[in-house]
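In what follows, a single structure is set out as structure tokens and then discussed.
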């Protein structure tokens, strides 16, 4: 694939994850508000609406504005990385990371009483261990894929091709 097509793929995948995450959160805020946990697969999973003011596992509660800045900076860094990716597998991972990060940034920026004071909408309960959302699935999947690609030495970009030697006349 060309660098341009990889970039289009990366940003298209990010847009997909953003749309899917935001649409499922809108659904959750309509269908699950005031409802008790709905078990799925014998209680292994469930649906319950939770607003998370912190980071993973509720860490950082009380520092929403710091988390908002971190999410914004992460999104910008991932855009730069996306523009440099030259490998299909890495493009998929970066696109998923970018989509999850941007969607969380939107929550932090826009889902609060004031700009930058928003909480993350979580609704997928993992057997009582934690509650997450679709963006978390994208982020964790991309992180696992990135670790595996790094472990197996999958190159992030194509090696530089040597320039041809100047011809002698």
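Computed from the coordinates by the stated procedures, all read-outs in this text should not be read as laboratory data. Here the structure is a predicted model, which is why all the values come from computation and not from measurement. Cβ placement follows ideal geometry from the backbone for every residue including glycine, while neighbour counts extend to all protein chains displayed.
Length gained on full extension, residue 113 to residue 88: 5.0 nm, using 0.36 nm per residue less the C-alpha separation. Can you give the angle from 0 to 90° between the axis of helix 88-110 and the longest principal axis of the chain, with both taken from C-alpha atoms, to the nearest 10? Here the helix axis deviates by roughly 40 degrees.
FRET efficiency for residue 73 and residue 40, Cβ-Cβ distance as r, R0 = 35 Å, nearest 0.05? Taking R0 as 35 Å, the efficiency between residue 73 and residue 40 is 0.50. Maximal additional length on extending the residue 23-residue 147 stretch stands at 41.8 nm, based on 0.36 nm per residue less the C-alpha distance. Note on residue 51 and residue 154: with the Förster distance fixed at 41 Å, the Cβ-Cβ geometry gives a FRET efficiency of about 0.65. Each of 131, 48 was scored by other Cβ atoms within 10 Å of its Cβ. Listed from fewest to most, they are 48, 131. All Cα-Cα separations within the chain were binned at 5 Å from zero, giving a P(r) of 2, 9, 15, 18, 17, 13, 10, 7, 4, 2, 1, 1, 1, 1, 0, 0, 0, each value a whole percent of the pairs.
Per residue of the chain, the DSSP helices (runs of n ≥ 4 H) give a summed -39500 (n - 2.57) that works out to -19000 deg cm²/dmol at 222 nm. Considering only alpha-carbon pairs that sit under 8 angstrom and 6 or more positions apart, the relative contact order computed for the chain is 29 percent.
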